[in-house]
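Here the structure is laid out as structure tokens; the discussion comes afterwards.
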Amino acid sequence: MDENFAAEVEKEQDEVEVQKSVIDQVKKDDKEADGKLILAEDIEEGHVSWTAIKLFLKALGGSFPILFLTIWVGGHILNEACTMFSVWFLGFWGNQYQGRDPNEVSTR
């Protein structure tokens, strides 16, 4: 059993030496750095496939992405409706004090 283990260790050491020589060769093949820290990228804008959108919705909504999307859009609509109502109510409430004595305005 020790002979098998010794053979495996020797084989692994040989593999490590081969990998080191390959790494050294790759480093030698690299051309000189031009001082830039990043490489140029190809930027594409506006290209989102339907499968990517479905994957996103499936990740957010689980097994019911359409239900999730419906609730999400409904929540945004409800939020905007509440915001508009609060502005309207503030205007309605403030309008009660125009042209009247503040003691005449009903607090109920």
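Once the range 2-51 is narrowed to residues that are under 30 Å from ILE66 (Cβ atoms) and among the hydroxyl-bearing types (Ser, Thr, Tyr), the residue that is modelled with the highest pLDDT is THR51. Return the residues of the range 73-108 that are in a helix (DSSP H, G or I) and either touching a residue at least 12 places away in the same chain (Cβ under 8 Å) or of a type in the set (Gly, Ala, Ser) (or both); say none if nothing qualifies. Scanning the range 73-108 gives GLY74, GLY75, ALA81, SER86, GLY91, GLY94.
The values are calculated or read from the model by the stated rules, or taken from the named source; none is laboratory data. Everything numeric here is computed off the predicted structure, so don't read it as measured data. Neighbour counts are summed over all protein chains in view; Cβ atoms, including those assigned to glycine, are modelled from backbone coordinates with ideal geometry.
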